[in-house]
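Worksheet for the structure shown next.
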Amino acid sequence: MMDAKDRTSRKPAARKSVFALPVLAGVTILAILVAVRSLGLAAVPAPVLLVVRWVLVGLLVAHAIQRRSLTTWIIVSMVVGAGIGYDLPKVAVNLRVFSLVFLRMIRTIIAPLLFATLVVGIAGHSNIRQVGRMGIKALVYFEIVTTLALFIGLAAINISGAGKGITLPPAPKAESIAPAPPQSASDMIVHIFPENIAKAVAEGQILQVVIFAVIFGIALALIPETKRRPLLAVTESLAEVMFKFTNIVMNFAPVGVGCAIAYTVGHMGLGIMVNLLKLLATFYVAIVVFVLAVLLPIAVLIRAPIKKFLKAVANPVTLAFATTSSEAALPRAMEAMEAAFPGRSWPSSYPRATASTSTARAST
């Protein structure tokens, strides 16, 4: 399989931007004008604020063009989307289709990517018992960390009371989902295992795809080398293709994120963003507690390069936060972990599991 570094070696590096100071100055001027108008200290005409806003948006776009960083583009697209939603709400509500297209394309990546990487990771390993031990460790790690994250999140939201006062509009009739019937414990266990892998992929039943991939990988590892090698090569190629597919789709991420923000602001008004500030602050406080109390001790325990990990996970976390979907960030997180930590001696399941946990926390 092509080394993970090769997949990213041709990506343009982020550049320093000469627009950073003008952007900071524009933000300061806009904040002062808004404060003066809000406090009634002086009459600031609406057209002046409009011009200042869009000059600032133009500077941000120029900054993103010069930086050539996907994370920068996603952040800038959120600002542009908020501006379109606020100034052109009738246009903004029609932009949702682009965000839906982006999320659909992301979802098409997950099943084949998980299948290929799991099969290659299991069948391509010489020691099945060691793979089993790594899998058990990863499962135990994920369950413990996720449970701790849930407790931290519940405590944070109950203490802050964030979200009160936010009234979301009813979903369109076409999007309304009938409540699922109650399931017994036996139904839940049966639902984990696929009856048809094509049906599981089509319905987005990721856990069923994972179960199928694990059993398939074990079966492939047990057959003779002469028969295993051709199919293993196919799955390796499939994994590489899906990583390239991810790169292509991710180029559309700023458009998808910007249109999602534009639709939200245009549909519910900028006031929803103000109300969500408290929720956002609660989120960041919970994330800081989670990172410092849970992830940092684990990283120190396994001697993980923390700075390198944070740099690798920044892009997926930003994407998960902007789209409120961990599915959107999972393919990028897996690629970033493979590129940042090729051939690590400590279990490769850690960076993937941690990236998945981090992006999932960002989406909630």
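Looking at ALA174, ALA198, can you tell me which residue is assigned to a helix (DSSP H, G or I), loosely packed, with under 10 Cβ neighbours inside 10 Å and modelled with pLDDT of 85 or more?
It is ALA198.
Taking the stretch 224-238, which residues are basic (Lys, Arg) and crowded, with 16+ Cβ neighbours inside 10 Å? Spell out the reasoning first.
Restricting attention to the stretch 224-238, the residues satisfying the condition of being basic (Lys, Arg) are 227-229.
ARG228 - this is the single residue of the stretch 224-238 that is basic (Lys, Arg) and crowded, with 16+ Cβ neighbours inside 10 Å.
For the stretch 80-101, which positions are part of a helix (DSSP H, G or I), surrounded by fewer than 16 Cβ atoms within 10 Å (Cβ to Cβ) and of a type outside the set (D, E, K, R)?
Once the filter is applied, which keeps residues that are part of a helix (DSSP H, G or I), surrounded by fewer than 16 Cβ atoms within 10 Å (Cβ to Cβ) and of a type outside the set (D, E, K, R), the stretch 80-101 yields VAL91, VAL97, LEU100, VAL101.
Return the pair list, or none, for Cβ contacts closer than 7 Å from residues in the stretch 251-270 that are buried (at least 18 other Cβ atoms within 10 Å of the Cβ) to residues that are β-branched (Val, Ile, Thr) and not in a helix (DSSP H, G or I), at least 6 apart or on different chains.
Cβ pairs passing all conditions: TYR263/VAL93; GLY266/VAL93.
The values are calculated or read from the model by the stated rules, or taken from the named source; none is laboratory data. This is a predicted model, so every value here is computed, not measured. No Cβ is skipped: glycine too gets one built from the backbone with ideal geometry, and neighbour counts run over all protein chains shown.
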